[in-house]
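See below for the structure under consideration.
The values are calculated or read from the model by the stated rules, or taken from the named source; none is laboratory data. All of these numbers come straight from a predicted model, not from anything done at the bench. Here the Cβ positions follow ideal geometry from the backbone for every residue, glycine too, while neighbour counts run over all protein chains shown. Ligands, DNA and RNA are excluded from the accessible area calculation, which covers all protein heavy atoms including side chains. Shrake-Rupley method; radii C 1.70, N 1.55, O 1.52, S 1.80 Å.
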Amino acid sequence: QLAKCGACGPGYATPLDAMKGKYCPREEIVYLPCIYRNTGIEKPDYLATVDVNPKSPHYCQVIHRLPMPNLKDELHHSGWNACSSCFGDVTKKRNRLILPSLISSRIYVVDVGTDLRAPRIHKVVEPVELFWKGNVANPHTSHCLGSGDILISCLGDPSGNGKGGFILLDGETFEVKGNWENGEKVPPLGYDFWYQPRHNVLMSTEWGAPKVLADGFNPADVARGHYGRRINVWDWSTHTYIQAVDLGQGSIPLEIRFLHNPDAAEGFVGCALSGAVHRFYKTEKGDWAAEKVIEVPSKKVQGWVLPDMPGLITDILISLDDRFLYFSNWLHGDIRQYDISNTRQPKLVGQVFLGGSITKGGPVTVVEDKELQCQPEPFVIKGKRVPGGPQMIQLSLDGKRLYVTSSLYSGWDKQFYPDLVKEGSVMLQIDVDTERGGLKVNKNFLVDFGKEPDGPVLAHEIRYPGGDCTSDIWM
């Protein structure tokens, strides 16, 4: 059902093959980690399989749940054992989903190859393996490498201090091999990363020190230097830390995305707190630089923790043809689509509001807004008023459907959207105009994680069995 191209290994030869190729069926199921930590429900997190095929009798339903064997892991992001970076290697199969736990530091390896619709646990990597072999903890982003290994970025050290290190897992045995990085120099903080071998580079970003962000966000911690501000540049071949690109105090750069075209020496990073998207690029000298290309102005508000409310850009992605950039403003409540045909001058072409903190009739009054004439209406779908705001996003391979979930991270959900923790998160789907740009909510699509058998749950990042815009890297 996935790549039916005979002897070619996992994934697709090029991003455009993935987008337009005849081997590219519409997604029928998606996987999402569902989190119970911080909800008051003493149950393990689980991996949900959701049916997203409109022709199926189980459309918009959770068709399988794989509970983890431990409590309070905080499953967060996931990655593959093999992706398009291994295209051409017939010995590789995309049949294991790597599920790092942000808080417990466990890594679950999930078998999705035996039964796509009913994943099962293949192996558990215990936290002590990361602590002893890498002196790292709080694993976040997982990417497979062309070599067959799996590279995972970490947020901290075993004591909860910030540390931007990495660990390598063997792609066959899933044993921890040790650190990826070489040398003494390691950034003070870690988070997400992307690599681009044709430019001999890996770029990583910075969230915050784990022990500081674990239970919520204190704005004073930004001034204390506990939150990130840099893109960190690594030499791909020597695994050494070579440059820091400073995006400014209080920026908190989270998700980083190169353009998908492997020849491109540029990409974008979304900064949560400053509300800015920066384009990073290779200079003529051969080092790296960044320029702010989008800014979401903060809103002056009353009835909220601070007088200025940032948009809080929490996820960004780029369509496989490198034409559109999407991002979510978790606090303001909107998702935006920009035409990036000219990467230096993105043009806003689509926007839709899906809840957020500034909706009419809520506790927050907007007193000054540089963008909107009035506060948006609360978002209601199928009779349900949706709590929270849009957070993780995932685009279909053909670029026509954008899936959205509303939970950021349980400790912050509880602080900023207490109703979200009580009622559970949702998954929504937005129809995309890929010709001119434009976003429209699909009113027939709602997965309500408030109705789960063990009680309301927080669903986070979305993955398709065949790879997607945020997991596959082309070499």
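Charges only on Cβ, +1 for Lys and Arg, -1 for Asp and Glu: so what's the dipole of the stretch 138-190 about the Cα centre, in debye to the nearest 20?
In total the dipole reaches around 220 debye.
Once you have a ≥ b ≥ c as the square roots of the Cα gyration tensor eigenvalues for the stretch 372-458, tell me rounded if a/c is under 1.5, and otherwise prolate or oblate according to whether a/b is larger than b/c.
Judged from the Cα gyration tensor, the stretch 372-458 comes out prolate (a/c at least 1.5, a/b above b/c).
In nanometres, what is the gap between the two model label sites at Lys443 and Asp149, each 7 Å from Cα along Cα-to-Cβ?
So the two model labels end up 5.3 nm from each other.
Could you work out the local net charge near Met309, counting Lys and Arg as +1, Asp and Glu as -1, over the other residues with Cβ closer than 9 Å to its Cβ?
For residues surrounding Met309, the net value is +1.
Using only alpha carbon pairs under 8 Å that are at least six residues apart, calculate the relative contact order of the stretch 99-172 and give it in whole percent.
Across the stretch 99-172, relative contact order equals 23 percent.
Express the relative contact order of the stretch 28-459 as a whole percentage, based on alpha carbon pairs under 8 Å and six or more residues apart in sequence.
Normalised by residue count, the contact order of the stretch 28-459 is 9 percent.
If you take the charge dipole of the stretch 28-459 about its Cα centre, with +1 on Lys and Arg Cβ and -1 on Asp and Glu Cβ, which of Gly156, Pro44, Val349 is farthest toward its positive end?
Val349
Ignoring ligands, DNA and RNA, please state the percent of accessible area on the stretch 28-459 from carbon and sulfur, probe 1.4 Å.
Roughly 48 percent of what the probe reaches on the stretch 28-459 is carbon or sulfur.
Ranked from the most accessible area to the least, with a 1.4 Å probe and all protein chains present, what is the order of Cys34, Cys60?
Cys60, Cys34
Where does the chain land at 222 nm, in deg cm²/dmol rounded to the nearest 500, when only DSSP H runs of n ≥ 4 count, each adding -39500 (n - 2.57), divided by all residues?
That comes out to -1500 deg cm²/dmol.
Over all pairs of distinct alpha carbons, what does the Kirkwood formula give as the hydrodynamic radius of the stretch 262-320, in Å?
That comes to 13.3 Å for the stretch 262-320.
Compute the accessible area per residue over the chain, keeping the other protein chains in place, probe 1.4 Å, unit Å².
Counting only protein heavy atoms, the per-residue value for the chain is 36 Å².
By per-residue mean of other Cβ atoms within 10 Å, what is the highest-first order of 178-184, 305-311?
Peptide ranking by packing, descending: 305-311, 178-184.
If the only charges are +1 at each Lys and Arg Cβ and -1 at each Asp and Glu Cβ, what is the size of the charge dipole of the stretch 21-164 around the Cα centre, to the nearest 20 debye?
Once rounded to the nearest 20, the dipole reads 300 debye.
Charges only on Cβ, +1 for Lys and Arg, -1 for Asp and Glu: so what's the dipole of the chain about the Cα centre, in debye to the nearest 20?
700 debye
Diagonalise the Cα gyration tensor of the stretch 107-171 and give the resulting equivalent ellipsoid semi-axes, square root of 5 times each eigenvalue, largest first, whole Å.
They are 24, 13, 10 Å, listed from largest to smallest.
Taking a ≥ b ≥ c as the square roots of the Cα gyration tensor eigenvalues, with a/c under 1.5 meaning rounded and otherwise prolate when a/b beats b/c, else oblate, which class fits the chain?
rounded
Could you point to the residue in Pro197, Ser147, Ala223 farthest towards the positive end of the stretch 141-228's charge dipole, with +1 and -1 charges on the Cβ of Lys/Arg and Asp/Glu respectively?
Ala223
Over all directions, the average projected area of the alpha-carbon convex hull for the stretch 131-222 comes to how many nm²?
That works out to 6.6 nm², a quarter of the Cα hull's surface.
Can you tell me which of 43-54, 318-329 comes out highest on packing, and rank the rest after it, using the mean Cβ neighbours within 10 Å?
Packing order, densest peptide first, comes out as 318-329, 43-54.
Would you please give the FRET efficiency between Asn182 and Ala289, computed as 1/(1 + (r/R0)^6) with r the Cβ-Cβ distance and R0 = 25 Å, to the nearest 0.05?
After rounding, the FRET efficiency stands at 0.55.
Collect residues whose amide H, placed 1.01 Å from N in the peptide plane, falls under 5 Å from the amide H of Val352; neighbours closer than 5 in sequence don't count.
Sorted by chain and number, the residues that satisfy this are Ile335.
Would you work out if the stretch 54-187 is rounded, prolate or oblate? Take a ≥ b ≥ c from the square roots of the eigenvalues of the alpha-carbon gyration tensor; rounded if a/c is under 1.5, else prolate when a/b is larger than b/c, oblate otherwise.
It comes out oblate by the Cα gyration axes.
Asn200 to Val349: extension gain in nm, 0.36 nm per residue of separation minus the Cα-Cα distance?
Full extension of this stretch gives 50.3 nm more.
Can you find, among Cys60, Leu169, Leu317, the residue farthest towards the positive end of the dipole of the chain? Put +1 on the C-beta of Lys and Arg, -1 on that of Asp and Glu.
Highest projection toward the positive end goes to Cys60.
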